[in-house]
1. Toward the positive end of the charge dipole of the chain, about the Cα centre and with charges on Cβ (Lys, Arg +1; Asp, Glu -1), which of TYR57, LEU36, PHE12 goes farthest?
2. Between ALA56, ALA47, ALA35, find the one with the highest GNM mean-square fluctuation for the chain; connect C-alpha pairs within less than 10 Å.
3. Could you work out the helix-only [θ] at 222 nm for the chain, with each DSSP H run of four or more residues adding -39,500 (n - 2.57) and the total divided by the number of residues, to the nearest 500 deg cm²/dmol?
4. Read phi for every residue in region 18-30 and hand back ³J(HN,Hα) as whole Hz from Karplus 6.51 cos²θ - 1.76 cosθ + 1.60, θ = phi - 60°, with x for Gly and Pro.
5. If the only charges are +1 at each Lys and Arg Cβ and -1 at each Asp and Glu Cβ, what is the size of the charge dipole of the chain around the Cα centre, to the nearest 20 debye?
6. What are the ³J(HN,Hα) couplings of region 48-60, residue after residue, when phi is run through the Karplus curve with 6.51, -1.76, 1.60 and θ = phi - 60°? Round to Hz, x for glycine and proline.
7. Using the Karplus curve 6.51 cos²θ - 1.76 cosθ + 1.60 with θ = phi - 60°, work out ³J(HN,Hα) for each residue of region 35-46 in order, rounded to whole Hz, and write x for Gly and Pro.
8. Per 5 Å bin from zero, what fraction in whole % of the C-alpha pairs of the chain is there, up to the bin with the longest pair?
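The values are calculated or read from the model by the stated rules, or taken from the named source; none is laboratory data. A quick note: this is a predicted structure, and the numbers were derived from the prediction, not measured. Positions of Cβ are backbone-derived with ideal geometry, glycine not excepted, and every protein chain shown enters the neighbour counts. Please note that ligands, DNA and RNA were not included when accessible areas were found on the heavy atoms of the full protein model with its side chains. Shrake-Rupley method; radii C 1.70, N 1.55, O 1.52, S 1.80 Å.
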Amino acid sequence: MNQEIKEALLSFRRRELWALEDELRRAESARHDAALANSMAAIAAQAAHENAVNDAYKRGFADAWNLSR
């Protein structure tokens, strides 16, 4: 009888531990997802800035070309 109680308690503790480990994995995954989203947003912002600068240079060169004629 004592052995059965010990095994049941051990099984319960093992399930508790698995639940905590799952919770930690989900939290870590969420943290990584947030970091990835921040990185992707920074890359998108940099690309938008570079496109705006390139477009401004193109307009400037086109305007300069048209002025000389």
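1. Farthest along the dipole direction, towards plus: TYR57.
2. Among ALA56, ALA47, ALA35, the largest GNM mean-square fluctuation belongs to ALA56.
3. Working: 1 runs with 66 residues, N = 69.
Calculated at 222 nm, the ellipticity per residue is -36500 deg cm²/dmol.
4. 4, 5, 5, 5, 4, 4, 5, 5, 5, 5, 5, 5, 5
5. Numbers: 10 positive and 11 negative charges, 45 e Å.
So the magnitude is around 220 debye.
6. Per-residue couplings from phi come out as 5, 5, 5, 5, 5, 5, 4, 5, 5, 5, 4, 4, x Hz.
7. 5, 5, 4, 5, 5, 5, 5, 5, 5, 5, 5, 5
8. In whole percents, the pair-distance histogram is 3, 14, 8, 10, 7, 7, 8, 6, 6, 5, 5, 5, 4, 3, 3, 2, 2, 1, 1, 1, 0.
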